[in-house]
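A short write-up of the structure that comes next.
The values are calculated or read from the model by the stated rules, or taken from the named source; none is laboratory data. Note that the coordinates shown come from a computational prediction; the quantities given were computed from them, not determined experimentally. All Cβ positions, even for glycine, are placed from backbone atoms using ideal geometry, and neighbour counts span all protein chains on display.
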Amino acid sequence: MAQGRREALSVQALQFLDAFLVWASFAVASMLREPVRDFLELPYLEDTGLGHLTTLLFVIIPSVPIALDWFGFYRNPLRKRLGGSLIQMFQALVIVGFMVGVLVIALKMPVQSRLILGTAAPLAVLFILLREWLVRALVLTTVRAEDAKEAVIYVGGEESRREFESGLSDEVKDGYKVVGHFRPSQGTVDDFRDMLKAGSVGRVIFAAKHTEFGVLADLVEACELQGVEAWISADFIQTQVARPDFDSMGGKPMLVLRSTPELSWALWVKEVVDRVGALLIIIATSLFWVIAAIGIKVASPRGPIFFRQKRAGRYGKPFMMWKFRTMVPDAEFKLDAVKKDQGNEMSGPVFKLEKDPRVFRFGKLLRKLSIDEFPQFINVLKGDMSLVGPRPLPLYEVEEFEKSEHRRRLSMRPGITCIWQVGGRNKITSFEDWVAMDLEYIDNWSLLLDLKLLLKTVPAVLFGWGAK
């Protein structure tokens with residue numbers, strides 16, 4: 001049974017982690033070699049560390065996860081029991097142990113190195129079993145939390161949906177929640193678009209068997225414009241669209257039509273860089289946080305230090321975004337009056353005003369230096385935002401989008417900086433131009449592009465280019 005791309009990436013990540021744990025077991029065994037020797041009452045032996053095991057480690061570290069995968073150790077992790085895991089590990093260790101035994105004899109390894117090897121083996125088993133238990137507990141907690149599940153819409157009749165789901169395992173079905181069931185014969189494309197918005201949907205599963213091609217094409221187009229993945233049973237239709245790809249869901253072949261970056265190791269690296277980078281930046285800028293907090297309370301003592309507002313995250317899913325407060329406490333209640341008196345420098349649903357009267361003097365300084373954005377690194381650390389990505393907009397502004405294609409900017413996790421941020425955002429007055437920059441980022445995304453934008457952000461922040 002072929003694994004889907006998500007499952008394959010998860011297995012590879014676990015294999016890398018297990019390889020690290022094997023190395024860690026040898027490192028711990030090396031530190032324990034003297035206590036173990038004393039416990040076994042062995043005579044004093046020439047001190048040897050991991051240096052004498054370098055050749056052996058180059059063989060053992062990659063071989064263990066490969067052998068475990070060969071015996072099915074990484075399959076169906078949620079339904080496995082300890083006994084099954086132990087049997088698979090024993091089988092894998094027999095194979096690896098045979099290779100190690102040959103190398104030990106061929107290389108004439110000293111007794112002390114063999115002592116490290118004998119200590120490392122049970123430690124590796126313990127570490128990997130502990131890792132498996134922790135991952136299983138984490139995954140079960142995640143898939144059982146309704147809010148963490150991926151929102152999915154089914155397209156097709158009730159019979160088609162039941163037939164499709166009948167072949168899926170509980171493990172696959174636990175990973176998502178159905179927030180809508182659209183029947184092409186009973187609804188319009190506009191109804192379908194409304195379902196996508198209302199459910200913050202990330203994937204649509206087309207399991208219909210008797211839908212006209214024209215209707216299906218309109219529904220797929222609605223998905224593409226909003227950056228939502230369209231998963232179509234591969235035996236249902238043959239068509240030519242941009243960037244089609246094949247994947248599988250619970251072993252069922254699916255045709256996937258993506259208009260956003262597909263899941264890859266690069267996206268996984270991006271998330272790791274986001275979390276680590278956010279933590280380091282929070283630590284490095286901690287003094288500025290203290291100065292900003294004191295300055296806000298002195299300049300505007302009646303209000304809180306932080307400003308919190310619900311923003312649209314990936315696929316429009318709401319999250320609470322944090323900033324340092326730069327406006328008077330009742331700023332949101334004065335928004336309509338400001339719009340009426342001062343106008344709006346940005347066309348479209350987004351409000352921008354360079355000389356906003358609601359901003360107090362110290363708040364202007366925080367904005368000029370972009371220090372007001374620092375609390376958003378907490379959102380990055382939580383996984384709501386990324387270091388680089390389209391800027392998150394308030395929910396009420398997203399609701400005013402006039403074109404469906406504007407929602408495609410929601411198909412990637414929002415970020416602190418993006419092309420618009422470093423491209424002189426004070427010169428952009430058209431929301432269409434802003435969206436075009438965000439879509440340019442989405443369509444050309446790469447780790448190198450993120451790196452370039454981050455490097456350009458540094459001088460933009462230091463010199464206050466384009467800040468308002």
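When the test is whether a residue is in a helix (DSSP H, G or I), loosely packed, with under 15 Cβ neighbours inside 10 Å, among the basic types (K, R) and assigned by TED's automatic domain parsing to the domain that holds P392, K270 does not pass it.
Screening region 323-351 for residues that are in contact with a Ser or Thr (Cβ under 8 Å, 6 or more places away or on another chain) and among the charged types (D, E, K, R) and picking the one that is nearest to W289 (Cα to Cα) gives R325. Of all residues being hydroxyl-bearing (S, T, Y) and in a strand (DSSP E or B) in region 401-453, which is nearest to L267 (Cα to Cα)? Just the residue, please. The extreme case among them is T417.
The residue list R311, R302 contains one member that is touching a residue at least 40 places away in the same chain (Cβ under 8 Å), assigned by TED's automatic domain parsing to the domain that holds T429 and of a type in the set (K, R), which is R311.
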